[in-house]
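J.: Here it is: the structure, laid out below.
The values are calculated or read from the model by the stated rules, or taken from the named source; none is laboratory data. Just so you know, these numbers come straight off a predicted model, no measurement behind them. Here the Cβ positions follow ideal geometry from the backbone for every residue, glycine too, while neighbour counts run over all protein chains shown.
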Amino acid sequence: MIELFDDVTAKEIDSQNTIKYGIEPLMLQESAARLIFHRLNNGEDKWKKITVLVGKGNNGADGIALARMMFIANFKVSIFYFSKEEGTAEYEKQKQIAQALAIPVTKKLDADLFIDALIGIGLNGVLRSEMKNFIDRVNALDKPVYSIDCPSGLGFDAPYCAAIKATITFALGVGKLSLYLMDNRKWCGKI
């Protein structure tokens, strides 16, 4: 049986592992992106057009790293940057690499598959209205969505105000209680 942790504890464990083992966040992002890429690349589904939805935090950095791997492997992929604001150092580094490779950027929601890398377990409180509205738009498309770490908007402390309705959730790191709460489970799809 998997041990489950609330989001705050899961985030603390990630931070402590970084300190204890010296594993830099960029290394974790590359590892996470590679695992998800292999799942997408070896899966039965072959998507014609993929859009990676990214926020400005480390979850967004995971998404950009994944988009880069897909781009290099000749997937038809684009990145939708939700925010124009400066992000975490890891996000900015991944964005810089993506720009150097000229990975296509889009402001349209017209893909066959969306990768949700908007918000990870770092959600504090409730969503801002513009993010809530964006999540509602994505859900209304009724397209497959694969979430990185957890569906954006889902949290332990605020189970639902708006959350991405994921087809698949690629849970990373330690087990997260928020993915298994009865009220949240319907948003996670296959974990």
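J.: Do any residues in segment 129-155 that are closer than 12 Å to residue 109 by Cβ have Cβ atoms under 8 Å from those of residues that are of a type in the set (Asp, Glu) and at pLDDT 90 or above, where the two are at least six apart or on different chains, and which pairs are they?
T.: 138/116; 143/112; 145/116
J.: If residue 186 passes every condition in (1) touching a helix residue (DSSP H, G or I) at 6+ places or on another chain (Cβ under 6 Å); (2) surrounded by fewer than 18 Cβ atoms within 10 Å (Cβ to Cβ) but one, which one does it miss?
T.: Failed condition: (1).
J.: Need the failing condition index for residue 176 against (1) within 23 Å of residue 75 (Cα to Cα); (2) in contact (Cβ under 8 Å) with a residue 60 or more places away in the chain, just the number.
T.: (1)
J.: Then there's this: Which one of these does residue 162 not meet: (1) modelled with pLDDT of 95 or more; (2) part of a loop (DSSP other than H, G, I, E, B); (3) among the small types (Gly, Ala, Ser)?
T.: (1)
J.: If you go through segment 103-147, how many residues are farther than 28 Å from residue 175 by Cβ, surrounded by fewer than 21 Cβ atoms within 10 Å (Cβ to Cβ) and among the aliphatic types (A, V, I, L, M)?
T.: 5
J.: Filter segment 90-110 for residues that are touching a residue at least 40 places away in the same chain (Cβ under 8 Å) and not in a loop (DSSP other than H, G, I, E, B); which is farthest from the chain's Cα centre (by Cα)?
T.: 93
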